[in-house]
1. Most exposed first by the Cβ proxy, i.e. fewest other Cβ within 10 Å, how do A:SER321, A:SER370, A:SER48, A:SER305 rank?
2. Taking the Cα centre as origin and putting +1 on Lys and Arg beta-carbons and -1 on Asp and Glu beta-carbons, what dipole magnitude results for the protein assembly as shown, to the nearest 20 debye?
3. Above 17 angstrom, tally the Cα pairs of the range B:63-160 and express them as a % of all pairs, no decimals.
4. Please grab the % of Cα pairs in chain A that end up more than 48 Å from each other.
5. Kirkwood Rh, the range A:293-395, all Cα pairs: how many Å?
6. With chain B treated as a Gaussian network of Cα nodes joined by springs under 10 Å, which of B:GLN242, B:GLN92, B:GLN41 yields the largest mean-square fluctuation?
7. Quick one: the Cα spread of the range A:337-455 along its three principal axes, in angstroms, biggest first?
8. For chain A, what relative contact order do you get, as a whole percent, if you take Cα pairs closer than 8 Å and at least 6 residues apart?
Amino acid sequence: MKIQISDMRYAERMARLTARKIEQTKEKQAKLGARDEDDYGLVLPPASFKVDLPVRDATGQWSGPRSWAANFRWLMENHPCYIDPDDAIAGRWMFMLSRMRLGYQLSRSNFAFDYSHLEPEQKKYDITTGIGKDAHFAPDYKIGLEPGWGGLLEKVRTARRQFAADAYAVELMEAEEQAILGVMEWTRRLAAAAGDRAMTEDDAVRRDNLVEMARICYKIVESKPETFREVVQWLAIFNMASRTYNRDGAGGQLDELLRPYYECDKAAGVLTDEDAEFQVFCLLLNDPHYYQIGGPSADGKDQTSRMSYIILEAAAKLKSSCNLTIRVWDGMDRGLFRRGVEILLANRLGYPRFSGDKALVEGFMKNGYSAALARSRIAVGCNWMSLPGLEYTLNDVVKINIAKVLEVAFAESNSLEELEANYRKHFKAAVDVTAKGIDFHLAHQYLNEPELMLNLLSHGPIEKGKDISHGGAMYYNMAIDGAGLAVVADSFGAIEERVVKEKTLSFAEVKAAVAANFAGEEGERVRMLLDSAGRYGAGGTAADRWAVKLTDILNGEIANHTTPDGFKLIPGWFTWADTLRFGRAVGATPNGRKAGEPISHGANPLPGFRKDGALTAMATAIASVQPGYGNTAPWQLEVDIGLADDEDAVEKVMALIDGHFKMGGTLVNINVVDAETILAAHKDPSKYPDLVVRVTGFTAYFNSLSPDFRQLVVKRLVREAV
Amino acid sequence: MKGIVFDIKRGVTKDGPGFRTSVFLKGCPLRCIWCHNPESQSPEIEHAVTTDEVCGREMSVKEVMDEVRRDKVFYSSSGGGMTLTGGEPTMQSEFAFALASAAHDEGIHVALDTCGFAPWAVFERMLAVVDLFLYDLKCMDAAKHRKLTGADNALILSNLNSIDAAGAKTWIRCPLVPGLNDSDSDLAALRDCMRSLRHVDKVEICPYHTLGLEKYAKFGRKIPAAVPPVPADIADIKRWRQICVLSPSGRKVAFPVHSMHTQTPIRCMHEFQSDGLDS
């Protein structure tokens, strides 16, 4: 199935909307500076707008349901109303409440409870603890779409009465009520703003659009959305409110969410494919939430529909940051896969991404879950899968820097055997303290920062009167990712090759050189020998075997293990955008890496892993280190200019992805590199405000990345492209 | 059995269809004056004179196949396989045959990238285990061919006709060097030759480039005097298109432009996509 949609009127509106987004991105960059994370969809508030939250203690903090609710309601009630007469959707979001606490850091959340007893060990292994981290699991939009805000309000009021004897539950339900009232009030004000704007609009098309926008917003303040456009607006309102609350960016299976409304409106003759595409375009422009399309339903039938194609075409026209994943599986409509690859190669914007159903389903089932649940666990985050509305996970926010674990082990070792034994010992200790941290988070987060928005769209929190982080969820599958795989595998491999097999170096020589950060001529000689040893990714090297062994060690301590309090753990390999931060924490390593240099990216081999840089070799290596329990070890692939220009590039990329998934791969993120553009943008980022690159699992404006980070992306892309 | 291999590249997308593992066998009977892999010419293992690089190492069939097998999943997902190249792979005819047989027995698609200069018996035996011949056609004029490559082209042309007569699938590759083998009469002769073949699937033009010149000094050789110092330009490549023909079956012959013996497609490739010659 292939659809052709063309409507000049919409084309012009899309062009104007895109141009404004680029303008807004420029303004954001000028005001906020560089940010190494997703673009998000936020715009700047008017300069005159002052945030004056009602609840803050002397240190600029707040915690607990009541305080969060009061601040959130204030923010929603005062939130500026952004209206664009070209847009199908009213509103843009502008603030992140969770970042308004004094001293906020991306790498370390504000937390109202003392965990200093865990900190020495956490620091020792450079653990990213996840303590106090929010969101990173997925809502089930249907829970909100069916009753609407009015129905949700009724639901929490009923629950509050039901839990009258439980003081926390009452406070939580009252907080939920405040959150809903805040969102309703903002929606009402958006409606009024759209109506006001319509009064002064001269263009008839825009005026009609604004009137319809106002009608929809008024309706969905309380009533459930019924038409396609009403649903799109409702989803955007939830997304924006949830972003404003705590940056949550998980979406859902967008094609299946929208399909019933699309089919109904089409049958009623009130919606064309052009309308649907434009409205989806606006939803994707509004915020780059993570959505999946295609893939199997819970009962194993292909979910690809006309709606899937419309979403894909809307994304293709977006030409902006977008996080759309196509699930690749045996029973799929290959046309969707092909069209996805075509768009990826033609637009060169890093999307869509592709997830591998087979390994994800088989892997998740190894945790004791059914095939139906495993199929429903979809791509809704940077590197992660989640069961919408059913699961609490701390996905992508709990990491063990195994390069740091290696550093600790190496300092105590005098042979390869000792190093392996010490690595195992310290890795276990690192997992232990990480698991204790997860327990600590789960024991206190509901008092620190309850998930007021995501609770509403989850099965359990309202029904049980418990925050999702504290008993409200149906399932707890707590993610722990290892970071730095290639650095550690190459370190073990280099020692095995140079010290044990060839005996060109002694362990003591390596140790001395590493301790001195490879200083001096002798240090450089040792470094070159270590650096030139066979790498992980080359195929058949000692480092390749170590990478698999490190995965076994990861699984051995995490898979089918629980925290001391009994919460299930699931392993993955992923660094997120933190290769620089992790690297700064680690001294020189025996793979010839100097102190402070970045660690390796996700499950990727280090650049230069083979002279030919073979993509097939990379795909094979990354497939070989999949932990295989339903969480991912993504492959970050840079397709060089040569391959993308090939006469059969689409087939080649499809073949690569197919092969990788066949061998057990879980997620592929692809950047199509245009080396000249990247180099030019690096020279003067302001000239390329719309240049989007895939950083890790997410796409970001190149211009928004910090200089350090740009340097890293340039190095990786250009090196592999020329 | 062992042979001298000077490189194995995985994930190659230019030496035949799909993703391929190219096995480079050392040694070549020709001395093309434009050769940009001069280090591949001698059948012996060689040491560079200006660096500590070594060209060539002894490998067994098993060792090569262990490497080739690594990408098996991608051969089946992309229609790829193993390509024997060089140098001239038939210089090590026993080893090349053993490799091709081993791959063939495992169901791996085998392409043989050859200059065609070997006794017919070598190719005759290969027919059973090679799925695709990547056959170099450099010049139809015998005297000129001798001057440019050091060898007569009679054997090459007779082998090509025999391979075609045997029904083997072939892609023709023409390394063209401005001023050396690209006169109008050269091109017309090439075209006529290709018209006479029944099983040619594709014609690839490999324009001359100068990237290999620095390797001459590295491996202690002199650059042949007649080699043009500048690479082919777009005007040359446009003119060369006339060798592209419809195959006798009436099928359009695909016409990608590759830089000579490298994986990098020439940037101007899309310029030729409008004339309907692409399949």
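Read the figures in this text as sums done on the coordinates, not as results from a lab. No experiment lies behind these values; they were computed from the predicted model shown. Positions of Cβ are backbone-derived with ideal geometry, glycine not excepted, and every protein chain shown enters the neighbour counts.
1. Lowest to highest Cβ neighbour count: A:SER48, A:SER370, A:SER305, A:SER321.
2. 560
3. Every Cα pair in the range B:63-160 considered, those over 17 Å come to 52 percent.
4. 14
5. The answer is 14.2 Å.
6. B:GLN242
7. The Cα atoms of the range A:337-455 stretch 54, 42, 30 Å along their principal axes.
8. Relative contact order here is 16 percent.
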